[in-house]
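A.B. asks: Before I ask anything, here is the structure I am working with.
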Amino acid sequence: MQRDKEAKYDHLSIEKKWRERWEGRGDYHIDLDNTRKPFYNLMMFPYPSAEGLHVGNVYAFTGSDIYGRFMKIKGYDVFEPIGFDAFGMHSENFALKKGMHPAELVPKNIANFRDNQLKMIGAMFDWPRQVDTTDPRYYKWTQWLFVQLFKYGLAYQDVAAVNWCPSCQTVLASEQVISGECERCKTEVTQKKMLQWFFRITRYAERLHKNLEWIDWSEITKSAQQNWIGRSEGAEIDFELAGMDDKLRVFTTRPDTVFGVTYMVLAPEHPIVDRITSSSQRPEVEKYLRETKAKTEQERIDEAGKKTGVFTGGYAVNPATGTLIPVWVADYVLIGYGTGAIMAVPAHDERDFEFAKTFDLPIVEVISPDGSSHQMAEAYTGEGVMVNSGEFNGINSREAIGVITRWFENHRKGTGKINYRLHDWCLSRQRYWGPPIPVIHCEKCGAQAVPEKDLPVLLPEMKDFRPDGSGKSPLNRNSEFVETTCPVCGGPAKRETDVMDNFLDSAWYFFRYPSTEFNDRPFDSERTGKWLPVDMYIGGNEHAVLHLLYTRFITMALKDMGFIEFEEPFKKFRAHGLIIKDGAKMSKSRGNVVNPDTFIKEYGADCFRTYLMFLGPYTQGGDFQDKGIMGVRRFYDRIFRLASDSPAHGEPEDKRFLALLHKTIRDVTGHIENLEYNTAIAFLMEFLNGLAKQNVIHKSSVEILVRLIAPFAPHLSEELWEMLGHTGSVFNSGWPVWDETKIVADTFQLVAQVNGKIRAAIEAPVGISKEDALALVESNENVTRFIEGKSVLKKIYVPGKLVNIVVQ
RNA sequence: GCCGGGAUGGCGGAACUGGUAGACGCACAAGACUUAAAAUCUUGGGAGCCCUCGGCUUGUACGGGUUCGAUUCCCGUUCCCGGCACCA
């Protein structure tokens, strides 16, 4: 054959052809009501940034799409929707920077994302069902969701210390503060006491924690949620205050150490500080409170370890010993956790120990590792035997936790208690670009939910949408929006002007996808019953305690309110890894950003997809190296040549080749199922290498290869499938099946070891007996060299694998 | 500090329930084709040593252990990534 006449893999025309054909035929817009094997394949929808699609997006979507296409070719009715998470500060801040209006910018970004980029990556998106969170037809239902939660008592307004981002000029949820900084702009967050809207996610803390035991999610994600929820078991104990009627309640995980309580500490913000402070101590206490208040979060973190505090002048009574103990105020106790007050056990808590050393407070050992008493040079936090603990002496401290808790319960001085680190979800934002909170404030009737018939509360068009730092949304400056009437009494009232956290938009979007055509309900119950929970969800782990926690909460709430019958939204969730470039994180400043468009144009989407997946295990990410993509391109070039070279009819007979063929089907199947795409691709390459070496290349073998690469290279496989004479889509051809019996070869490499060291590998028939195997090995020259003149202690035979001769 | 994940050639990475470490690919080298180059095809390789077919020694972050045999299991250590963190 003449080289220059050879058929050429022209990815540009092939990919265009199949994009158009899929769209024209509506291959991926499935009839949701007429399916036998529904499979909901979900990927985290993107926010349409002006910079365009990031390679990280492509990586995420491709991995998910490969799974979806694999299920499709296996015969499932795969629903693979996509949408745009377009509300929120990211879009708004960008619009501000560009001097544009988000209402004008966002549709442009979406169009660019969709038409120039997302449509090019070869995913089987069901476009007619796309969702845009800024569309009133969508956010009407986001507001509806708020109203339901409000009516159910899960949404409330309260004055609380909240996280304030001075740059974004809004409050944030604690999940959106990453080590003291705003998740969006990295500005240091400050604490402010403000009236805000919250969702009572803490009511679900135990369920959110408990279900982690059984949900099929990536371990890394579950562990992050576990840490975030921060469940800890212990007890709450009441301490009487000398000369006061009040009791001081504390939370502790170590009730077994109560005999060792030698003082107590209040958080500076604790309400009782004012009353307990004696007049002589008052100036000092007030000075300390002023100083702590002035400290930033960062200073407090930096100082962690150094203990500061002052004595209030007040005393409490140790409920176990009856002795008077001083009450201090110190900022190592946090108002936001437990009761904001602690019982201090310096002998058995490192922080209390340090504090006691600093201020010369008594240290009493009550848990001894060996039962004898010690000079305490540091806190002992392990378990041991109770000492100096009255009637409890001699008990193991771990046991004592339960015993003492019960003792307190019997004396009505305390109770077993589980504490969570999780806080309620602060939902309100003092910004413009979000769905308005659907609430009307009436002086007479209080805060009222906007009646459902009046939804959506449209986000008014405002030329000046700049946040003003007043603690209220820019909507507050729009009197036309603000002034309204009370839905209960009809009197004059004001609208709530804060908008909702855009994480609420994304907390329920997967409910909407299967029901996009219903405008009278957020989601149809029949559709939902058929399609949810989501079968497979893939996304980045940066949302482990944001989006992924909120979706679980919202799903549980929807169940409790009777809208749905399941409480976990995703049957399976897998976090994909991160993709880096030449060993380093991608960043604009480093100039090592991979532009997907360039690679898709140059090598084709199929190549790009496959290469991204070939970089490393999908759940762990990979290192992108520009040259590496050529390997994948060569792989597809070779397949293309093979298929266009009119392969022979008939079936291959070579047993070795058949073994390779069936093994490839088996291994590729298994590895795709586990999202180990890199190894699946390696097996495909190995198979091609084997196939190309055959004297006769059979069409049937090429067809199997084409079907196996289909999830990775959808356009190319369709083209090749057609070239091989088929009319329908390769995705309707079924996934190849393997025959286990064909994988077994006639012979194998019998490894011969002496004392565990390999001395030879001998071709031996499968099923060789132990005696024959030993004989074979012992007749090997290189083996005899090592056993000659030595006494044989043992002969080990592992069938089908090796013989090991142990000598001395 | 606690929790989770990880460390394997020049590089990205393979290795099932402990059984030939380095599959597959990149880069590299040699050869074939070519006037030449590109493309393509073939071959080669962890390191060190004897260097002759071939063989020996050594090698999966480090130090021990269990085992006939350890990248894999156990104990200890270092470093990297992610989560939580003065959370009582």
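A.B. asks: Going by Cα centres, the range A:637-674 and the range A:354-423 are how many Å apart?
C.D. replies: 67 Å
A.B. asks: Separate question: What ranking do A:707-714, A:113-120 get when scored by the average of other Cβ atoms within 10 Å per residue, highest first?
C.D. replies: Listed from highest to lowest mean packing, they are A:707-714, A:113-120.
A.B. asks: Related question: Once both labels are modelled 7 Å past Cα along the beta-carbon direction, what's the A:LYS572-A:SER791 spacing in nm?
C.D. replies: 5.7 nm
A.B. asks: If R0 is 30 Å, what FRET efficiency do you get for A:VAL177 and A:ASP454 from their C-beta distance, rounded to 0.05?
C.D. replies: It comes out at approximately 0.30.
A.B. asks: Report the full-extension gain for the segment A:LYS306 to A:LYS627: residue separation times 0.36 nm, less the Cα-Cα distance, to one decimal in nm.
C.D. replies: 110.3 nm
A.B. asks: Whole angstrom only: what separates the Cα centroid of the range A:168-220 from the Cα centroid of the range A:41-92?
C.D. replies: Each part reduced to its Cα centre gives a spacing of 24 Å.
A.B. asks: Simple spin-label model, 7 Å along Cα-to-Cβ: A:ARG521 to A:LEU324 in nm?
C.D. replies: Once both label points are built, they end up 6.9 nm from each other.
A.B. asks: Let me ask another. Normalized C-alpha radius of gyration of chain A, against 2.2 N^0.38 Å?
C.D. replies: 1.20
A.B. asks: Note down the magnitude of the dipole of chain A about its Cα centre, charges +1 on Lys and Arg C-beta and -1 on Asp and Glu C-beta and zero elsewhere, to the nearest 20 debye.
C.D. replies: The dipole of chain A has a size of about 980 debye.
A.B. asks: Another question, if that's okay. Relative to the present Cα-Cα distance, how much length would full extension add between A:SER372 and A:GLU461 at 0.36 nm per residue of separation?
C.D. replies: Between A:SER372 and A:GLU461, full extension yields an extra 24.5 nm.
A.B. asks: Can I ask one more? DSSP beta bridges in chain A, what fraction antiparallel, as a percent rounded to 5?
C.D. replies: 70 percent
A.B. asks: By average Cβ neighbour count within 10 Å, what is the ranking of A:139-146, A:760-767, A:308-315 from highest down?
C.D. replies: The packing order, highest mean first, is A:139-146, A:308-315, A:760-767.
A.B. asks: Any chance you could run the full-extension gain for A:ASP216 through A:MET100? It's 0.36 nm times the residue separation minus the Cα-Cα distance, nm to one decimal.
C.D. replies: Taking A:ASP216 through A:MET100 to full extension adds about 37.4 nm, to one decimal.
A.B. asks: Further question on the same structure: Cα convex hull of the range A:647-760: how many Å³ per residue?
C.D. replies: Value for the range A:647-760: 134 Å³ per residue.
A.B. asks: Go ahead and estimate [θ] at 222 nm for chain A from helices alone: -39,500 (n - 2.57) per DSSP H run with n ≥ 4, summed, over the residue count, rounded to 500.
C.D. replies: Computed mean residue ellipticity for chain A: -10000 deg cm²/dmol.
A.B. asks: Further question: From a point 7 Å beyond the Cα of A:GLU391 in the direction of its Cβ, which residues of the range A:405-432 have a backbone N at a distance under 13 Å?
C.D. replies: The answer is A:405-412, whose backbone nitrogens lie closer than 13 Å to the label point.
A.B. asks: Further question on the same structure: Relative contact order for chain A using alpha-carbon pairs under 8 Å, separation at least 6, rounded to a whole percent?
C.D. replies: Reported relative contact order: 14 percent.
A.B. asks: Residues with amide H under 5 Å of A:LEU750's amide H, sequence separation 5 or more or different chain, H placed in the peptide plane at 1.01 Å from N; which?
C.D. replies: A:ILE762, A:GLU763, A:ALA764
A.B. asks: Taking 8 Å as the Cα distance limit and 6 or more residues as the minimum spacing, I'd like the relative contact order of the range A:598-654 as a percentage.
C.D. replies: It rounds to 25 percent for the range A:598-654.
A.B. asks: What percent does the relative contact order of the range A:400-534 come to when contacts are Cα pairs within less than 8 Å and at least six residues apart?
C.D. replies: 24 percent
A.B. asks: Classify the range A:225-294 from the C-alpha gyration tensor, please: rounded if a/c falls under 1.5, else prolate or oblate depending on whether a/b exceeds b/c.
C.D. replies: Oblate.
A.B. asks: When the Cα centres of the range A:720-754 and the range A:785-808 are compared, how far apart do they sit, in Å?
C.D. replies: What the calculation gives is 37 Å, centre to centre.
Read the figures in this text as sums done on the coordinates, not as results from a lab. Every value quoted in this text rests on a predicted model; they were computed, and no experiment measured them. Heads up, the Cβs are rebuilt from the backbone with ideal geometry, glycines too, and the neighbour counts pull from every protein chain shown.
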